[in-house]
Amino acid sequence: MTEDAHLSNVTSSNTPKYDASKTTSEISTDIITEKEPKRHKRETWSRAFDFLLACIGFSVGLGNVWRFPYLCYKNGGGAFLIPYFLFVIVGGIPLFYLEVAVGQFMSKGGLQAWNIVPLFQGIGLASCIIVFFLNCYYNVILSWAFYYMFASFNSELPWENCNHTWNTDNCSTDFARDSNLTGRPEKTLLDPVTEFWENQVLGISDGLEDIGSIKWDLVLCLLFAWIVVYCCICKGIKSSGKVMYVTATSPYIFMLILLIRNSTLDGAADGVEFYLRTNITKLKETKVWVDAGTQIFFSSSIGLGTLTALGSYNKFTHNSYRDSVLFACVNSGTSFFAGFIVFTILGFMAKQQGRSVRDVAESGPGLAFIAYPKAVAQMPGAPFWSVLFFLMIILLGLDSQFVGVEGVVTTVVDQYPRLLRKGYRKEMFIGVCCIAMFFVGLSMVTNGGMYVFQLFDYYSGSRIILLVAFFELIAVGYVYGVKRFRDNIMMMVGHSWMHKTLPYMIVCWMVLSPIFCITVFVLSTIDYTDLTYERPNDRVYKYPDWGIAIGWSMAAFSVFWIPVVAIFKWIKHGASWKVLKLLVIPYRLEPHQRRPQDQFERSLYDLEQEKIGLQTISTSPSSQRYTVKSGDVNLAYAGPEVPDARTASLTSDQGLVYHKMHLKKTAKSRSDETHISDKRMGSPHNLRQMLSGIFSSASRQSTGRLRHMGTDIDAL
């Protein structure tokens, strides 16, 4: 078989047909579009401020309002601020910036971001699972808040008295009076706020064993919450970034209004005094340091993968280090500020009930849906202040939910960009994610839903994130190399003021932050107690063993993937020492991500190219060369026109054919370009052509005359 016949057979069976009139670059484009459809360009933040606002919106949420103030008063008041701010400097800022910088440098989120160290790519999967669980139960809180806000649009709040169908004989607005009249112990009586929460909103059952039926009013509120979330993020960061300007800033306005109103209430000063009362002896207790450390992780959203996703939408040269410091100040300041809002109202409650602030102080859902509504009910214009409070809760929660869902979506979309970055597929996928999380959340809007909610909250996203953060530090600081990571940061932000503080960050990443993570994790594990749910009147529900097992399964299911993915990737590529060394080298960096000493670095990507028939000769970003093996023939082709990623899908025969066609088309292209340039007026070659034409014409005429003369001579 001739060479032309061989080329014809191969191209007709295995490769697309090419028009002979096309140039080399057009042929390259044909190959690219045949194997890899055109994709939408990855989004970036419209403004640099959008990134900082998104971080604040996600991390500054309900935990700042209902968890920090309670921990502060319980752990020594002002004394608690000492370990808290110490851990912000040692762990909060360094870990926050590490996650953001990884996403920004790789310009990817989730699993793809951790291609910076392929051996630890399971970190991205673990974080995605954790934030998925978090999204499922976090929106349930928003459904409760929507329920309360809608119920507040009345002339009288439904939890002000005991004249409703959901109230029982134990309902009382004055425990002392009703106890004397009925002879019942005060401990058996319940206030109308508690009965509204337990009987009307939750319809709570006796335990996890009695899951009961679905509460359709809560289902509608949950559905409404997910519709709001989808509408705000369906267009990606372009839409959610604009919404953040409202949801991330307006809560501060409402908080300021509530603080001014609360400060005028009787007993507000007593609450503030209780909040700031300093008990230095508390610092001797391990629990205080553990609470301070875990609060840093909760309030800064470390270990959830969302910061990496947010950072991936930054421009490569964005100064995210500056944003990390600003975020830490805003986050800690918001937590401290929220304490004044909470304890002024608790001081008012204590004064009204003739009790100590210690007796009325609560945290978590109990603060937002029992303590605060109870205080609001005693204020003039109660419905207005109730709507304002729950609107603030909704706005604080919504932007956290936006970014949480975006973190899950970014992980999957970056993993399958060819499939999901086309047309409206991403919008459809976001809808699928919201629907899936909605259905998981249905288990938490049943009669036993509160018990399911507590399982998710206590196990899926608590102490496990400390372990995830520890693996992040090991991966970047010790495996990838802290010096190389420092160089990468300098490539992104340049020699700014942060250059002087970077050595401190290196010390944190290498020593202080790992010690901080593993110490808090170990201490929290030692201090671990099985989950219980405290109900009013000192009723404590103890979870069954099978419920505890479900909780630990959710916790282990996320971190479990870190070693599993590492082992899988090692075995998949050959389970050799050579493969292990390649697994700690970044997977296929772009030219702008390489240092000079990294230009010829061999990675796992090169190994994959060899397995499919493309053997790397040089990995220089300016001119990448590969050898295509076909039988005994070993031909090489080079050039920036066809990037390696796009020719990687060619088989051996296709590569051989393309190489020969590439040479022919290159020669034809050069000939065409020469022909075009020859037509330019005034070019030397054009002048030579004109003179040649004149002389050749004269020569033909002379030859014709001579031949005519010769014929005449012969005739003679």
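The values are calculated or read from the model by the stated rules, or taken from the named source; none is laboratory data. Computed from a predicted structure; not experimentally measured. Cβ atoms come from the backbone with ideal geometry, glycine included; neighbour counts cover every protein chain shown.
I'd like the residue in the range 414-430 that is surrounded by fewer than 14 Cβ atoms within 10 Å (Cβ to Cβ) and over 17 Å from the mean Cα position of the chain (by Cα) and, out of all such residues, is modelled with the highest pLDDT.
Going residue by residue through the range 414-430, those that are surrounded by fewer than 14 Cβ atoms within 10 Å (Cβ to Cβ) are 416, 418, 422-424, 428.
From the residues that got through so far, the ones that are over 17 Å from the mean Cα position of the chain (by Cα) too are 418, 422-424, 428.
On the way: ARG418: 84, LYS422: 81, GLY423: 78, TYR424: 84, MET428: 92.
Checked the range 414-430; the qualifying residue modelled with the highest pLDDT is MET428.
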**Asked** Any residue at all in the range 156-176 that is aliphatic (A, V, I, L, M), crowded, with 20+ Cβ neighbours inside 10 Å and either in a loop (DSSP other than H, G, I, E, B) or not assigned by TED's automatic domain parsing to the domain that holds VAL403 (or both)?
**Response** yes
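Could you tell me whether VAL413 is assigned by TED's automatic domain parsing to the domain that holds LEU218 and within 28 Å of ILE550 (Cβ to Cβ)?
On the way: assigned by TED's automatic domain parsing to the domain that holds LEU218: yes; within 28 Å of ILE550 (Cβ to Cβ): no.
Judged against the criteria, VAL413 is not a match.
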**Request:** Kindly indicate whether GLY333 is in contact (Cβ under 8 Å) with a residue 24 or more places away in the chain, on the phi < 0 side of the Ramachandran plot and small (Gly, Ala, Ser).
**Result:** no
**Request:** Go through the residues of the range 97-109 one by one and say whether even a single one is crowded, with 24+ Cβ neighbours inside 10 Å and under 22 Å from TYR459 (Cα atoms).
**Result:** no
**Prompt:** Is there a residue in the range 248-258 that is at pLDDT below 85 and under 20 Å from the mean Cα position of the chain (by Cα)?
**Reply:** yes
**Asked** For the range 301-347, what are the residues that are within 30 Å of LEU265 (Cα to Cα) and among the β-branched types (Val, Ile, Thr)?
**Response** VAL330, THR334, ILE341, VAL342, THR344, ILE345
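So in the range 177-194, with the set limited to residues that are of a type outside the set (A, V, I, L, M, F, W, C) and part of a loop (DSSP other than H, G, I, E, B), which one is nearest to LEU367 (Cα to Cα)?
Step one: filter the range 177-194 for residues of a type outside the set (A, V, I, L, M, F, W, C), giving 177-180, 182-188, 191-192, 194.
Okay, now just the ones that are also part of a loop (DSSP other than H, G, I, E, B), so 183-185, 191.
Details: GLY183: 30, ARG184: 27, PRO185: 25, ASP191: 15 Å.
The selected residue is ASP191.
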**Residues located in the range 238-262, provided they are of a type in the set (Ser, Thr, Tyr) and farther than 17 Å from VAL65 by Cα** = SER239, SER240, TYR245
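Yes/no per residue for (1) modelled with pLDDT of 90 or more; (2) under 15 Å from ILE141 (Cα atoms); (3) in a helix (DSSP H, G or I); (4) of a type outside the set (Val, Ile, Thr):
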site: PHE196; (1), (2), (3), (4): yes, no, yes, yes
site: LEU208; (1), (2), (3), (4): yes, no, no, yes
site: ASP217; (1), (2), (3), (4): yes, yes, yes, yes
site: CYS221; (1), (2), (3), (4): yes, yes, yes, yes
site: TYR230; (1), (2), (3), (4): yes, no, yes, yes
**helices (runs of 4 or more DSSP H) contained entirely in the range 280-374, each with at least 2 residues that are buried (at least 23 other Cβ atoms within 10 Å of the Cβ)** = 286-300, 306-312, 320-353
**Message:** Go through the range 162-194 and report how many residues are of a type outside the set (A, V, I, L, M, F, W, C) and at pLDDT 85 or above.
**Reply:** 7
**Fill in**
When the range 585-605 is checked residue by residue, the ones that are touching a Phe, Trp or Tyr at 6+ places or on another chain (Cβ under 7 Å) and in a helix (DSSP H, G or I) are HIS592, GLN593, LEU604, TYR605
**Message:** Among the residues that make up the range 182-198, is at least one of them of a type outside the set (D, E, K, R) and over 18 Å from ASN537 (Cα atoms)?
**Reply:** no
**Residues located in the range 292-314, provided they are within 13 Å of THR411 (Cβ to Cβ) and either without any contact (Cβ under 8 Å) to a residue 60 or more places away in the chain or among the polar types (S, T, N, Q) (or both)** = THR306, THR308, SER312
**Request:** Evaluate the range 192-209: report whether one residue or more is in contact with a helix residue (DSSP H, G or I) (Cβ under 8 Å, 6 or more places away or on another chain) and within 21 Å of LEU304 (Cβ to Cβ).
**Result:** no
**Message:** Looking at the structure I just gave you, is VAL272 in contact with a Cys (Cβ under 8 Å, 6 or more places away or on another chain) and either in a helix (DSSP H, G or I) or at pLDDT below 85 (or both)?
**Reply:** no
